[in-house]
Amino acid sequence: MQVKFSDFLNAKVPMLEEIVTALSKTYGYASILGSDTHGKRYLVTDVETNVSDSNWNERGFVLRVFNGLNYSEFSFNEIKNPSYVIDFVNDDLVKSFEEFKNHGKVLKCPCVIEEPVKSSFEGEVEILPEDVDPGTKIEKLLKMKAHAHQLSTKIVNFWSTYEEVQVNKVFVSSKKLLRQSYVWSQGYLQAIARAEKTKYSYEGFSGMKGVEILDEMIHGVDKVVAEAEMLLDSEKIPPGEYDVICAPDVAGVIAHEAFGHGVEMDMFVKNRAKAVSYLGKKVASDLVTMHDGAAAAKQVSSYLFDDEGTFGSDTVVIDHGILKTGISDLMSALRLGTKPTGNGKRESFERKAYSRMTNTFFARGNDKLEDMISSVKHGYFLEKVSSGMEDPKNWGIQCWILYGREIKDGKITNKIFSPILMTGYVPDLLNSISMISDDLELSGVGSCGKGYKEFVKVSSGGPYIKAKARLG
């Protein structure tokens, strides 16, 4: 079923064009991004059933003009009179910049030069969110919880969460008219088990999908319950450096933290990224190729254009071990003299655009998973990422992983260790990658924070990878 573009935004396009046309006569560049994003979140646990608005909901506009030195922005949530917006920019916005300029250092930035283009995108899903009533969605989540308790008496709480979001955006400048409308959804299962201690496991589901994702979630209940029970017998891992096989979600957080944040090019402008001095140099094993981009994969962070009107792309960040380029928003690209990659993203129309990751992942290799496991004398098979952190200035990385299975003499044993902290120096970790599987998985259940904790949707993943890492 095709996703229908926002009636609200469609009705506003003539006014947006009127504003941009008027301001373009005075300023070298003017553009407006309009957003109308809406969705619902459904939660079922042992203690509550709840339906709420999605945290991603927003409706409003952000205007950007070239003020002669760099750019001024103004956000607003309604347009009743285009003249009010035009007068505000002329009388207040740019004048306030002139006052600011006299009291502080301002970075110069070239004016945007655009090519004429009109384009639109309307996504498709199997089942549109509006075609299924909320009661039916809750009923399916309740059945997941009931099934979990039937499987095990050790389950003391079970969470089933489903979220559906429709994104509508329009971008208008003197030379561009872009529209996009698509739906993404995500689901989350969590089983909490208790015996002498308490442990949990989880499973995430996401994609450019609609209500059909609920049927995928139903098939994940057995696995989550079994893992939660299994972790009741887990041990603490002996600290040390080991050969590890990383599942796709663990490989994804390595890609995200190691050379995701590290190559966001607004950090290049601020001289806060070590990666800038390694462009064109070897930073990883020859086996490693890493992508980022809205057009690089189909997941929750896929789109036609970013929040600055730049088309999404597929950026090869690392090519067979060589750091090739970073990912950039429009403003960073203008200051650095590079081509923007379509990675300018805002948490909402009220917030600043940053260079942000989209779909970040290692490319698939040629190895079979069973061969990778059999090659390990003693190490661990790592699964389920809990969180990750990276220092783009010094290239340190740490990832919390829910559990690891021991590998001994090429076979997975019955010993389970949880939780596990993986740490290391990014080039050491990436150069240690010696095998990469021939399959590929991405997940977009989480989000990514930056700056003053602006959050955006991202996805990450990859194949299974074999590497050396410090565990504790």
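The values are calculated or read from the model by the stated rules, or taken from the named source; none is laboratory data. Bear in mind that the values here come from a model prediction, so they are computed numbers and not experimental data. Backbone-built Cβ (ideal geometry, glycine too); neighbour counts: all protein chains shown. Remember, those area values only see protein heavy atoms, side chains included, never the ligands or the DNA or RNA. Shrake-Rupley method; radii C 1.70, N 1.55, O 1.52, S 1.80 Å.
Length gain on complete extension for the stretch residue 364 to residue 11, per 0.36 nm per residue less the alpha carbon to alpha carbon distance?
Computed gain between residue 364 and residue 11 is 122.6 nm.
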Subject >> Using a Förster distance of 22 Å, the FRET efficiency for residue 40-residue 198 (Cβ separation, nearest 0.05) >> reply: 0.10
Original post:
If you find the alpha carbon centre of region 69-147 and of region 164-209, how far apart are they in angstrom?
Top reply: 19
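Rounded, prolate or oblate, given the Cα gyration tensor of the chain, with a/c below 1.5 counting as rounded?
Judged from the Cα gyration tensor, the chain comes out oblate (a/c at least 1.5, b/c at or above a/b).
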Subject >> Candidate aspartates and glutamates for bridging to residue 118, where Cα separation is under 19 Å - those fewer than 8 sequence places away on the same chain excluded >> reply: 7, 17, 18, 306, 307, 308
Subject >> Cα centroid separation - region 18-40 against region 219-288, whole Å >> reply: 38
Subject >> Relative contact order, percent, region 136-181 [alpha-carbon distance under 8 Å, six or more residues apart] >> reply: 25
Original post:
Okay, helix-only estimate at 222 nm for the chain: each DSSP H run of n ≥ 4 adds -39500 (n - 2.57), divide by all residues, round to 500 deg cm²/dmol; what do you get?
Top reply: -6500 deg cm²/dmol
**OP:** Would you list which aspartates and glutamates come within 13 Å of residue 145, measuring only between C-alpha atoms, while excluding same-chain residues fewer than 8 positions from it?
**Re:** 46, 48, 222
Subject >> Inter-label distance for residue 415 and residue 126, nm, one decimal - labels placed 7 Å from Cα along Cα-to-Cβ >> reply: 4.2
Original post:
For residue 92 and residue 47 in the same chain, what is the full-extension length gain: residue separation times 0.36 nm, less their Cα-Cα distance, in nm?
Top reply: 11.0 nm
Original post:
With charges set only on the Cβ (+1 for Lys and Arg, -1 for Asp and Glu), what does the dipole of the chain come to about its Cα centre, in debye to the nearest 20?
Top reply: 1260
**OP:** Express the carbon and sulfur contribution to the solvent-accessible surface of the chain as a percent, rounded to the nearest whole number, probe 1.4 angstrom.
**Re:** 50
**OP:** Could you point to the residue in 225, 192, 205 farthest towards the positive end of region 189-231's charge dipole, with +1 and -1 charges on the Cβ of Lys/Arg and Asp/Glu respectively?
**Re:** 192
Original post:
In square angstrom, what is the accessible area per residue of the chain with a 1.4 angstrom probe?
Top reply: 43
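Using only the Cα atoms of region 190-274, build the gyration tensor, take square roots of its eigenvalues as a ≥ b ≥ c, and label the shape rounded, prolate or oblate: rounded if a/c is under 1.5, else prolate if a/b is larger than b/c, else oblate.
In terms of gyration-tensor shape, oblate.
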**OP:** Before anything else, pin down the relative contact order of region 302-455: Cα pairs under 8 Å, at least 6 apart, normalised by residue count, whole percent.
**Re:** 17
Original post:
What angle do you read, to the nearest 10 degrees and between 0 and 90, between the alpha-carbon axis of helix 7-24 and the longest principal axis of the chain?
Top reply: 50
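Taking K and R as +1 and D and E as -1, what net charge do the other residues with C-beta under 10 Å from the C-beta of residue 179 add up to?
Cβ neighbours under 10 Å give a net charge of +1.
Taking 41 Å as R0, compute the FRET efficiency from the Cβ-Cβ separation of residue 311 and residue 232 and round it to 0.05.
According to the calculation, E is roughly 0.25.
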**OP:** Over the chain, calculate the relative contact order: mean separation of alpha carbon pairs under 8 Å at least 6 apart, over the residue count, as a percent.
**Re:** 16
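Rounded, prolate or oblate, given the Cα gyration tensor of region 66-174, with a/c below 1.5 counting as rounded?
On the way: a/c = 3.28, a/b = 2.44, b/c = 1.35.
Prolate, since a/c reaches 1.5 and a/b exceeds b/c.
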Original post:
What are the trypsin sites (Lys or Arg not before Pro) within region 18-54 that DSSP puts in a loop, where the Cβ has at most 13 other Cβ atoms within 10 Å?
Top reply: 25
Subject >> Distance (nanometres) between label positions extended 7 Å along Cα→Cβ at residue 270 and residue 99 >> reply: 2.6
